[in-house]
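Heads up: the structure comes next, in structure tokens.
The values are calculated or read from the model by the stated rules, or taken from the named source; none is laboratory data. As the structure is a prediction and not an experimental result, all values here were calculated from the model. Don't worry about glycine lacking a Cβ; one is built from the backbone with ideal geometry, like all the others, and counts go over all protein chains shown. Side chains are part of the model used for accessible areas, which takes the heavy atoms of the whole protein and leaves out ligands, DNA and RNA. Shrake-Rupley method; radii C 1.70, N 1.55, O 1.52, S 1.80 Å.
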Amino acid sequence: MLVTGGSRGIGYAIAGRMLQEGAQVVITGRRRSALEAAAAGLGAGARFLAWDSADVSAIPEKLDAVEAMLGGLDVLVNNAGVLTAQDWDGMMAVTPESWDATMNVNLRGVFFLCQGVARRWIEGKQEGRIVNVCSNNAFRALDTAYAASKWAIRGLTMGMAKRLAPHGIFVNAVAPGPTSTSMMDCADGETHAFAGAPLGRFSYPEEIAGVCAFLASEEAGSMVGQVLVADGGETLL
């Protein structure tokens, strides 16, 4: 299994859950020191690879390295994502530079990594599973680059699933709401009250990891192009 952005937050929780399930996992991220610390925390079976998800030119080389580490690849979790300071302030604060920084990781990087993995699986007549970490922003009327990128991932998840399912490649997504991670200025797993959702708190990374583990499993054998919302009910309000 390959988990992008796996050195912290939701990606780290996904890697941990999948290791508990018996998977071999490679986590990626831009900072080698953070990856080394994360892999040490995850324990046996965890491997890491420094990889900037925005650099799509590196995909063939990096996938070769992942396959060499794991002896193959059958699950991809696209978790890497960025939320810029400008997006926190809304539409009028977004700049061309912050737009591109968001889209290069959250959308462009995801699309071309899915393409690269799917091409290998199809050529090798191999089945596989792709789980995209979307966001409940993809279901809400918001005016930021981050929200636009997640609306796009929601649509791509459905479109890719339709195209790839005949090849035995299952594409689905999980759409978290506010989750206790550093992206939301929380310590991972910190309890954070949240009046904006019926649940009354942020989700925990481990809860999102559980949904990803289901979508990566054979139990999700009839799930094609689904985006499962796990946001404590925020989208109900």
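Values computed for the structure shown
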| read-out | value |
| --- | --- |
| So Val110, is it under 13 Å from the mean Cα position of the chain (by Cα), of a type in the set (A, V, I, L, M, F, W, C) and assigned to a loop (DSSP other than H, G, I, E, B) | no |
| Test: residue in region 200-214 that is touching a Pro at 6+ places or on another chain (Cβ under 7 Å), under 23 Å from Met103 (Cα atoms) and not in a loop (DSSP other than H, G, I, E, B) | yes |
| Single unsatisfied condition, Gln126 versus (1) under 19 Å from Phe170 (Cβ atoms); (2) part of a helix (DSSP H, G or I); (3) more than 17 Å from the chain's Cα centre (by Cα) | (2) |
| Subset of region 129-149 [over 20 Å from Ala23 (Cα atoms) and either open to solvent by 10 Å² or more (accessible area, probe 1.4 Å) or assigned to a loop (DSSP other than H, G, I, E, B) (or both)] | Cys134, Ser135, Asn137, Phe139, Arg140, Ala141, Leu142, Asp143, Thr144, Tyr146, Ala148 |
| Test for Thr28: is it more than 22 Å from Arg129 (Cα to Cα) and at pLDDT 95 or above | no |
| Flag for Asp52 being surrounded by 15 or more Cβ atoms within 10 Å (Cβ to Cβ), acidic (Asp, Glu) and in contact (Cβ under 8 Å) with a residue 40 or more places away in the chain | no |
| Criterion (within 18 Å of Ala65 (Cα to Cα), of a type outside the set (Gly, Ala, Ser) and open to solvent by 20 Å² or more (accessible area, probe 1.4 Å)) met by exactly one of Arg30, Arg8 | Arg30 |
| Single condition Ile122 does not satisfy, out of (1) β-branched (Val, Ile, Thr); (2) open to solvent by less than 30 Å² (accessible area, probe 1.4 Å); (3) touching a His at 6+ places or on another chain (Cβ under 9 Å) | (2) |
| Residue count, region 186-201 (criterion: in contact with a helix residue (DSSP H, G or I) (Cβ under 7 Å, 6 or more places away or on another chain) and either of a type in the set (Asp, Glu) or open to solvent by less than 60 Å² (accessible area, probe 1.4 Å) (or both)) | 4 |
| Within region 218-237, tally of residues that are open to solvent by less than 30 Å² (accessible area, probe 1.4 Å) and in a loop (DSSP other than H, G, I, E, B) | 4 |
| Test set (1) among the aliphatic types (A, V, I, L, M); (2) open to solvent by less than 10 Å² (accessible area, probe 1.4 Å); (3) in contact with a helix residue (DSSP H, G or I) (Cβ under 7 Å, 6 or more places away or on another chain) - Leu215 fails condition number | (3) |
| Matching residues in region 14-27 - criterion: being open to solvent by 10 Å² or more (accessible area, probe 1.4 Å) and either within 14 Å of Leu76 (Cα to Cα) or touching a helix residue (DSSP H, G or I) at 6+ places or on another chain (Cβ under 7 Å) (or both) | Gly16, Arg17, Met18, Leu19, Glu21, Ala23, Gln24 |
| Lone qualifier among Trp99, Trp121 - being part of a helix (DSSP H, G or I), in contact with a strand residue (DSSP E or B) (Cβ under 7 Å, 6 or more places away or on another chain) and not aliphatic (A, V, I, L, M) | Trp121 |
